[in-house]
Amino acid sequence: MTVSTPLWWENAALPQATTQTLPDRVDVLVIGAGYTGLSAARETAAAGRATLVLDAGRLGAGCSSRNGGQVAYSIKPTFAELTERFGAERAFAICREGLDAVQYLRAMATREFDCGWRDEGCFFGAHTAKYFTAMAHDAEHQPRGLEQRISVVPRAEQHAEIATDFYHGGCVYHDDASVDPTKLLLALHGRAIGSGADVMDECPVYALNRTRDGFEALTARGTLHARQVLLATNGYSGSLSPWHRRRVIPIGSYQIATEPLGKDRVRALIPGGRNIVDSRRVVVYFRPSADGERIVFGGRAALAEQDPLACVPRLRRMLERILPQLQSVRITHAWVGWVAYTFDKLPHLGRQDGLFYSMGYCGQGVPLAPYFGMRIGQQMLGLEAGRTALDGLEFPARPYYGGRPWFLAPSVFAYRLIDAVGL
Ligand SMILES: Cc1cc2nc3c(=O)[nH]c(=O)nc-3n(C[C@H](O)[C@H](O)[C@H](O)COP(=O)(O)OP(=O)(O)OC[C@H]3O[C@@H](n4cnc5c(N)ncnc54)[C@H](O)[C@@H]3O)c2cc1C
């Protein structure tokens, strides 16, 4: 039988609330107890600000305990695209933020806490020969100062990375890594409460009203006054702030885990133990589980489906196209979470009408959310250190978009066609 909970929840329980009593007043209210909210709370609490983190559900049960745990440089637009939009200097600084985010997480995960950090890198498979040529060219012509350690793997050698002929070669990104996402959540929760923040679960915030010196928050457990408020709701941003809702596109990301296959069988499929992603527009990503016993596979399986079990057949087919060796294995877990895309494919942080926010990691918040959460926390404290290259960028909206992504179905359909014909 397949269960509809994340595999990761079997190895680590979700974090606990520190209080069940809503105070009348706090200095800082953080809405959302994922990587962003907990990282920001750690900064404000450590500076002595009375900080409360509220989550609508269980703590971290949004994306932050159910993701793929893949850690990579995660600024989606290329340096060339960013240069065209913002000029070379700003483009360089934005790309540096992506590298700094990985570095920030690496430093914590290797020196401060255990979240199952594995430095095994990532194999990026080319779905066409043309794409392989482009990818190899890019790997050999990286922008100066933004270099990552990349090696090109021709098709004839790719079995050293993955036991498939599906790809036309690829590249290994040696600086990529992986974590156990729930353990990372627990570690960030530990840092936040260790600095004095309080955390409460099952307490949705229904409305925010501006007051003379801050905000009045109407919650499921009563009303609370906060001098500052951070919206850390990412793909779960509902109607609380219509301005933000018009700017993030919630997209379901689905994952499945195979039954335990045994470490040897997993190693035979993915000899380097690396993360695997590929160049198709409709993304798939997979990796050995943290204990090396299973394969955990994810992708855009459906557009509107809420029930992850209904997506198992499609995800399974996607996995079997790449690794037909897995045809008869059982799928034991299937789950879904809501990531937040933005119209310019960049994350955004700052302050709008007094309300602080950090969101829009475009499905790559494992390194970005802890880092930008930390930065927005510093901004709430008025610290120079909190400044980022993304500050002040327009956070674009689109006409006729109010939070329901009606355009996704035709776009994904078109992307699937483009992938299928190998363009
Ligand atoms: C299946 C899947 C796989 C992924 N794989 C990867 C990966 O391999 N690598 C990578 O880099 N990224 C990955 N991601 C994305 C990554 O997990 C997210 O970008 C990141 O966790 C976002 O963290 P967050 O704290 O901003 O948001 P979340 O962790 O989503 O937290 C937002 C929280 O806000 C709460 N909330 C919303 N509204 C309210 C309200 N009104 N009141 C109170 N609380 C509220 C929600 O309950 C939720 O807990 C994946 C995501 C999914 C779903």
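The values are calculated or read from the model by the stated rules, or taken from the named source; none is laboratory data. Keep in mind that what you see is a predicted model, and the values were worked out from it rather than measured. All Cβ positions, even for glycine, are placed from backbone atoms using ideal geometry, and neighbour counts span all protein chains on display. Accessible surface is based on the protein model in full, side chains and every heavy atom, while ligands, DNA and RNA are left aside. Shrake-Rupley method; radii C 1.70, N 1.55, O 1.52, S 1.80 Å.
The table that follows gives values for the structure above.
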read-out	value
Any hit, segment 15-35, residues being assigned to a helix (DSSP H, G or I) and not aromatic (Phe, Trp, Tyr)	no
Residue in segment 201-221 that is closer than 30 Å to LEU315 by Cβ, away from the ligand (no atom under 14 Å from the Cβ) and in a strand (DSSP E or B) present	no
Residue within segment 4-26 that is basic (Lys, Arg) and near the ligand (Cβ under 9 Å from one of its atoms) present	no
When residues of segment 256-279 are limited to those that are among the charged types (D, E, K, R) and away from the ligand (no atom under 16 Å from the Cβ), the one least open to solvent (accessible area, probe 1.4 Å)	GLU259
Residue check for ALA40: within 12 Å of ALA232 (Cβ to Cβ), in a loop (DSSP other than H, G, I, E, B) and open to solvent by less than 60 Å² (accessible area, probe 1.4 Å)	no
Residue, most open to solvent (accessible area, probe 1.4 Å), within segment 84-113, restricted to residues that are closer than 16 Å to GLY69 by Cβ and either touching a Leu at 6+ places or on another chain (Cβ under 7 Å) or part of a helix (DSSP H, G or I) (or both)	THR110
Members of segment 349-365 that are farther than 14 Å from PRO250 by Cα and not in a loop (DSSP other than H, G, I, E, B)	LEU349, GLY350, ARG351, GLN352, LEU355, PHE356, TYR357, SER358
Hey, ASP198 open to solvent by 50 Å² or more (accessible area, probe 1.4 Å) and without any contact (Cβ under 8 Å) to a residue 40 or more places away in the chain or not	no
Residue match in segment 69-82 (condition: more than 18 Å from the chain's Cα centre (by Cα) and within 13 Å of the ligand (Cβ to nearest atom))	no
Residue in segment 299-319 that is surrounded by 15 or more Cβ atoms within 10 Å (Cβ to Cβ), in contact with a His (Cβ under 9 Å, 6 or more places away or on another chain) and in a strand (DSSP E or B) present	no
Residues being farther than 20 Å from TRP8 by Cβ and near the ligand (Cβ under 8 Å from one of its atoms) - total across segment 27-55	2
Residue ID - most open to solvent (accessible area, probe 1.4 Å), chosen from residues in segment 114-145 that are farther than 18 Å from ALA177 by Cα and charged (D, E, K, R)	ARG144
Selection count where residues are farther than 26 Å from PRO308 by Cα and open to solvent by 10 Å² or more (accessible area, probe 1.4 Å), scope segment 1-30	11
Any chance SER65 is farther than 28 Å from ARG227 by Cβ and either within 15 Å of the ligand (Cβ to nearest atom) or among the β-branched types (Val, Ile, Thr) (or both)	yes
Set LEU368, LEU346: member being assigned to a helix (DSSP H, G or I) and among the hydrophobic types (A, V, I, L, M, F, W, C)	LEU368
Condition check for ARG227: more than 14 Å from the ligand (Cβ to nearest atom), in contact with an Asp or Glu (Cβ under 6 Å, 6 or more places away or on another chain) and either modelled with pLDDT of 95 or more or not acidic (Asp, Glu) (or both)	yes
Where a residue in segment 36-63 is more than 24 Å from GLN255 (Cα to Cα) and its partner, wherever it lies, is more than 9 Å from the ligand (Cβ to nearest atom) and acidic (Asp, Glu), with Cβ under 6 Å and at least six apart	ARG49/ASP27; ALA50/ASP27; LEU52/ASP198
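Yes or no, residue by residue, for (1) open to solvent by less than 10 Å² (accessible area, probe 1.4 Å); (2) in contact (Cβ under 8 Å) with a residue 60 or more places away in the chain; (3) small (Gly, Ala, Ser); (4) out of contact with any strand residue (DSSP E or B) (no Cβ under 8 Å at 6 or more places or on another chain):
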{"site": "PHE166", "(1), (2), (3), (4)": "no, yes, no, no"}
{"site": "ASP175", "(1), (2), (3), (4)": "no, yes, no, yes"}
{"site": "ILE193", "(1), (2), (3), (4)": "no, yes, no, no"}
{"site": "ALA207", "(1), (2), (3), (4)": "no, no, yes, no"}
{"site": "ASP213", "(1), (2), (3), (4)": "no, no, no, no"}
{"site": "THR219", "(1), (2), (3), (4)": "no, yes, no, no"}
